[in-house]
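Student: This is the structure I want to talk about, given as structure tokens.
What follows draws every value from the coordinates through simple rules; no lab data is involved. All of these numbers come straight from a predicted model, not from anything done at the bench. Every residue, glycine as well, gets a Cβ built from its backbone with ideal geometry; the counts of neighbours run over all protein chains shown.
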Amino acid sequence: MKQISSKFFLIALFIACGCLCIQGKDVIRILAIGNSFSEDAAEQYLYELAQANGDSLIIGHAYIGGCSLELHWNNISNNEAAYSYRKIVGGTKTISADKVSVKHCIEDEPWDYISLQQASPLSGLDSSYWPLPKLIAYVKKTAGNPNVEILFHQTWAYSQQNTHTGFKNYNDDQMTMYRAIIKTVKKEAEKNHIKRIIPSGTAIQNGRTSRLGDNFCRDGYHLSLTLGRYTAACTWLETFTGKSAVGNTFAPEGVSPQDAQIAQAAAHYAVVRPDTVTSMSAYKAAAY
């Protein structure tokens, strides 16, 4: 009897371990070291989109509003506990009660991916990227996963009608800003051996060529709480899971099936062609 019980116990243990391995296989760990633009892109809807596609994410975010690469580097150099640490596990978001350091956020999980980004007014200015090599070296040295991949988040150009003082860096012109961001991010990524870019900027610009026009931002620069954020989340989904956003069954309340189709297509085209605006004139009609 003891032999039979032991056999059943071992079989049950084997099955349980196998189930855990299957569940763990699809967990993707993503940390953003960023600001309000990564908040817009990663903290809403990304988890749900991945879940609808059969993936489970752990999403971390070391957040300071408006934070530039230079400020990130200064904080790291001084080990400043200056960040709000947001973390999404099982679809539930928690926010650290106290401010923490970047080191704390990096060491919290064996992240598969860590994204960096520039503050939006500086995103298209070459001279502002000087801290990037230092940040990359620090992330690689600190990360618990020796195979961690560092990506760069390509942010979006402002709406043509906005009041952000940083728009003057681009002659108050949306396409001038977009082209500067694309050119600069691509150049800096290549220079620093970053293999992949998260093309949120191109996704938003693609969407602007549809019937929805220049209506992806809520204040001229931050994304709208539904459609804008959903479009960026679709872009992150494709980048990190390798699965198309097109046809994904999740859409937040307030985004119609037709508008979700636009957001998904805008993101997909951006991942396929990250440096070029894809015309979505086929989506201009109110019904299609």
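Student: Checking the structure you have, find out if any residue of the stretch 162-174 is buried (at least 20 other Cβ atoms within 10 Å of the Cβ) and on the phi < 0 side of the Ramachandran plot.
Tutor: The first filter runs over the stretch 162-174 and keeps only residues buried (at least 20 other Cβ atoms within 10 Å of the Cβ), leaving 167, 170.
This time we only want the ones that are on the phi < 0 side of the Ramachandran plot, so: 167, 170.
Yes, some residue in the stretch 162-174 is buried (at least 20 other Cβ atoms within 10 Å of the Cβ) and on the phi < 0 side of the Ramachandran plot.
Student: Moving on to the next point. Considering the stretch 34-86 alone, what residues qualify as being among the charged types (D, E, K, R) and outside any strand (DSSP E or B)? Let's see the steps before the verdict.
Tutor: As a first pass, look at the stretch 34-86 and keep what is among the charged types (D, E, K, R): 39-40, 43, 48, 55, 70, 80, 86.
Matches in the stretch 34-86: E39, D40, E43, E48, D55, E70, E80.
Student: Something else: Do we find that I182 is in contact with a Phe, Trp or Tyr (Cβ under 7 Å, 6 or more places away or on another chain), of a type in the set (V, I, T) and either under 29 Å from I106 (Cα atoms) or surrounded by 20 or more Cβ atoms within 10 Å (Cβ to Cβ) (or both) in this structure? Steps first, please.
Tutor: Numbers: in contact with a Phe, Trp or Tyr (Cβ under 7 Å, 6 or more places away or on another chain): no; of a type in the set (V, I, T): yes; either under 29 Å from I106 (Cα atoms) or surrounded by 20 or more Cβ atoms within 10 Å (Cβ to Cβ) (or both): yes.
Here the answer is no, as I182 does not meet what is asked.
Student: Hey, another quick one. Only one of (1) in contact (Cβ under 8 Å) with a residue 60 or more places away in the chain; (2) assigned to a helix (DSSP H, G or I) is not met by G124, so which one is it?
Tutor: (2)
Student: Take the residues in the stretch 138-188 that are over 19 Å from Q117 (Cβ atoms), in a helix (DSSP H, G or I) and β-branched (V, I, T); name whichever of them is farthest from the chain's Cα centre (by Cα).
Tutor: Only one residue tops the list, namely T165.
Student: So, of the residues in the stretch 84-107 that are out of contact with any Ser or Thr (no Cβ under 7 Å at 6 or more places or on another chain) and surrounded by 18 or more Cβ atoms within 10 Å (Cβ to Cβ), which turns out to be farthest from H61 (Cα to Cα)?
Tutor: The first filter runs over the stretch 84-107 and keeps only residues out of contact with any Ser or Thr (no Cβ under 7 Å at 6 or more places or on another chain), leaving 86, 88-94, 97-98, 100-102, 104-105.
Filter again for surrounded by 18 or more Cβ atoms within 10 Å (Cβ to Cβ), leaving 86, 88, 101-102, 105.
Details: R86: 5, I88: 9, S101: 12, V102: 10, C105: 8 Å.
Looking at the filtered set, the residue picked out is S101.
Student: On the given criteria, is I106 touching an Asp or Glu at 6+ places or on another chain (Cβ under 8 Å), among the hydrophobic types (A, V, I, L, M, F, W, C) and outside any loop (DSSP other than H, G, I, E, B)?
Tutor: Values: touching an Asp or Glu at 6+ places or on another chain (Cβ under 8 Å): no; among the hydrophobic types (A, V, I, L, M, F, W, C): yes; outside any loop (DSSP other than H, G, I, E, B): yes.
Considered against the rule, which asks whether it is touching an Asp or Glu at 6+ places or on another chain (Cβ under 8 Å), among the hydrophobic types (A, V, I, L, M, F, W, C) and outside any loop (DSSP other than H, G, I, E, B), I106 comes out as no.
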